[in-house]
Amino acid sequence: MRFLGQALLASVFVLGACAGGEKSASNDSSSAAAPAAAPAAAPAESGSTATTAAAGTAAPITGQIHEVKMIGDDKGYRFEPSSITIKVGDGVKFVNVSGGPHNVAFDSTAIPAGAAAQLAANMPNSNAPLQSNFLMQPNEEYTVSFAGVPAGTYTVHCTPHLAMNMKGTITVEK
Ligand SMILES: [Cu+2]
């Protein structure tokens, strides 16, 4: 919308300049041209996450995506819902609603045996294996694929608020 507005303004300016026959400096041309340079897509995670990436290849979500809110308010810090049941192949989208920064973290001892490598591979932009980056802004999201992982109970927590018992349970069914 903003780009369109600038383009329209620029057109009006150019038309006006032609009609008037005056070659005044086009002080708007640089800003009108700027939006044409599209920002490059965010690069994939580099160096620091090499150990995570090496754990395996991410398995894309093939099923439903379930939303879990991450909330911190006067009632405390929590995942909402704190307990969900999904299928293998589904994804869980965590949304930072309030009280962040939050993250999405799994303790390798609180997930099914044999789950860690694939789950880590399914977690982009990890700060460490099984730990997402920190969600700083309201409405920032982080989606974890539960494709290719064993069925069972996955306990998820938020590292900054673990001491405040910000934990949840994701039951993954075959
Ligand atoms: Cu948190």
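Quick rundown of the values:
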{"quantity": "Every residue from the range 116-136 that is away from the ligand (no atom under 15 Å from the Cβ) and assigned to a loop (DSSP other than H, G, I, E, B)", "calculated": "Asn122, Met123, Pro124, Asn125, Ser126, Pro129, Leu130"}
{"quantity": "Residues within the range 65-79 that are within 12 Å of the ligand (Cβ to nearest atom) and either charged (D, E, K, R) or in contact with a Lys or Arg (Cβ under 6 Å, 6 or more places away or on another chain) (or both), tallied", "calculated": "4"}
{"quantity": "Single residue of the range 116-145 satisfying the filter (buried (at least 19 other Cβ atoms within 10 Å of the Cβ) and out of contact with any helix residue (DSSP H, G or I) (no Cβ under 8 Å at 6 or more places or on another chain)) that is nearest to Gly56 (Cα to Cα)", "calculated": "Gln118"}
{"quantity": "Total residues in the range 148-171, condition hydrophobic (A, V, I, L, M, F, W, C) and either within 16 Å of Pro101 (Cα to Cα) or touching a His at 6+ places or on another chain (Cβ under 7 Å) (or both)", "calculated": "6"}
{"quantity": "Checklist (1) within 16 Å of the ligand (Cβ to nearest atom); (2) surrounded by fewer than 18 Cβ atoms within 10 Å (Cβ to Cβ) applied to Gly168, failing item", "calculated": "(2)"}
{"quantity": "Residues that are buried (at least 17 other Cβ atoms within 10 Å of the Cβ), among the small types (Gly, Ala, Ser) and closer than 14 Å to Leu130 by Cβ, drawn from the range 88-110", "calculated": "Ala105"}
{"quantity": "Failed item in (1) surrounded by fewer than 22 Cβ atoms within 10 Å (Cβ to Cβ); (2) on the phi < 0 side of the Ramachandran plot; (3) at pLDDT below 95, with Ala151 passing the rest", "calculated": "(3)"}
{"quantity": "Set Ala113, Ala163: member being within 11 Å of the ligand (Cβ to nearest atom), without any contact (Cβ under 8 Å) to a residue 40 or more places away in the chain, surrounded by fewer than 20 Cβ atoms within 10 Å (Cβ to Cβ) and on the phi < 0 side of the Ramachandran plot", "calculated": "Ala163"}
{"quantity": "Residue check, Gly100 near the ligand (Cβ under 10 Å from one of its atoms), of a type outside the set (S, T, N, Q), part of a loop (DSSP other than H, G, I, E, B) and in contact with a Pro (Cβ under 9 Å, 6 or more places away or on another chain)", "calculated": "yes"}
{"quantity": "Any hit, the range 110-122, residues being closer than 13 Å to Phe94 by Cα and in the same structural domain as Pro60 (by TED's automatic domain parsing)", "calculated": "no"}
{"quantity": "Residues being in contact (Cβ under 8 Å) with a residue 60 or more places away in the chain, among the β-branched types (Val, Ile, Thr) and within 16 Å of the ligand (Cβ to nearest atom) - total across the range 80-97", "calculated": "1"}
{"quantity": "Which numbered condition Val95 misses (of (1) more than 22 Å from Gly56 (Cα to Cα); (2) assigned to a loop (DSSP other than H, G, I, E, B); (3) β-branched (Val, Ile, Thr))", "calculated": "(2)"}
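The values are calculated or read from the model by the stated rules, or taken from the named source; none is laboratory data. Model, not experiment: these values are computed from the prediction. As a convention, Cβ positions derive from the backbone with ideal geometry for all residues, glycine included, and neighbour counts pool all protein chains shown.
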